[in-house]
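What follows is calculated from the coordinates using simple rules that are stated; it is not laboratory data. These numbers come from a predicted model, not from an experiment. Cβ: placed from backbone, ideal geometry, glycine included. Neighbour counts: every protein chain shown.
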Amino acid sequence: MATAPVRALSRVSIAWSGNAPTEDTDTLVLTIQNYSVDLRMWASGPLKGSIEWGMVGYVLDPPGSTPDTPMLAWDNIIDSREPPPVELPDEASFELLADGHVLETGTMYNPRSEKAEAYKEVWKCEDVQGASFCVLERVGEGWGQGGTGRSFIGRLGVYTLGHAVDAKGVYSAYRDEQRDNEWQRLYHVDPHGIIPSLPAEIPSSWEVGQKVALREGQWIVREAGRVE
């Protein structure tokens, strides 16, 4: 795995196969050390407010990545989509643009065209300087590696993303943001309420590898710290 920069990215646009860029989702990706926590919600149309794509995965350092041409790869642990019919390496290259945005370039399966296509995504870097962060994974009672369900919660500064897939394959997620010192739930697709909220402040006592209780479940701290 790669220890990637800790950052929060909001997507500005995506362009497929050289076509004009568009954006019909509200997408937030939290890269927290070795983990990527990614939630993309439909922002318009008949599916507004539902999950367009959600995933949690390990961040990897692919061959060919250099300081001049940085690349990242991902190995998803849970994914709201079925595996695509074509097998592609999940990796991309990154470039810092003059306006401070980040350009991501790669190839992935486009569910609309049902084929692999080149894509370009433009991302806005949110300000997380000095922010605290954590990644928790639920364990015990059928949850965790080797269990029938997986669930993760990632927080970075004022952003929190919760993800879960249960034993029946039902995918749940939420997105919280802190605004005016109050946590607000922006999106909630969790019909059975299986993903708990985090405390308003990350306890300073949380350390990597520690087990903590949230509501009725046990969770293990996978990442914890503060952006320097």
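Which loop trypsin sites (Lys or Arg not before Pro) in region 157-205, with loop taken from DSSP, have no more than 16 other Cβ atoms within 10 angstrom of their Cβ?
Numbers: sites: K168, R175, R179, R185; in loops: K168.
Filter output for region 157-205: K168.
The residues T25, T69, T105, when put in order of fewest to most other Cβ atoms within 10 Å, stand as T69, T105, T25.
Which of A20, V86, G100 sits farthest toward the positive end of the charge dipole of the chain, with +1 on the Cβ of Lys and Arg and -1 on the Cβ of Asp and Glu? The one lying farthest along the dipole's positive direction is V86.
Give, in whole angstrom and from largest to smallest, the semi-axes √(5λ) of the equivalent ellipsoid of the chain, with λ running over the eigenvalues of the Cα gyration tensor.
Details: eigenvalues 144, 85, 66 Å².
They are 27, 21, 18 Å, listed from largest to smallest.
Among the listed pairs K124/K168; K120/K168; K48/K124; K168/K211, which are separated by more than 28 Å between their Cα atoms? Over 28 Å Cα-Cα: K124/K168; K120/K168.
Here the dipole of the chain is about 480 debye; that uses its Cα centre as origin and unit charges on the Cβ of Lys and Arg (positive) and Asp and Glu (negative). Just so you know, the Cα atoms of region 132-226 work out to an Rg and Dmax of 12.9, 40 Å.
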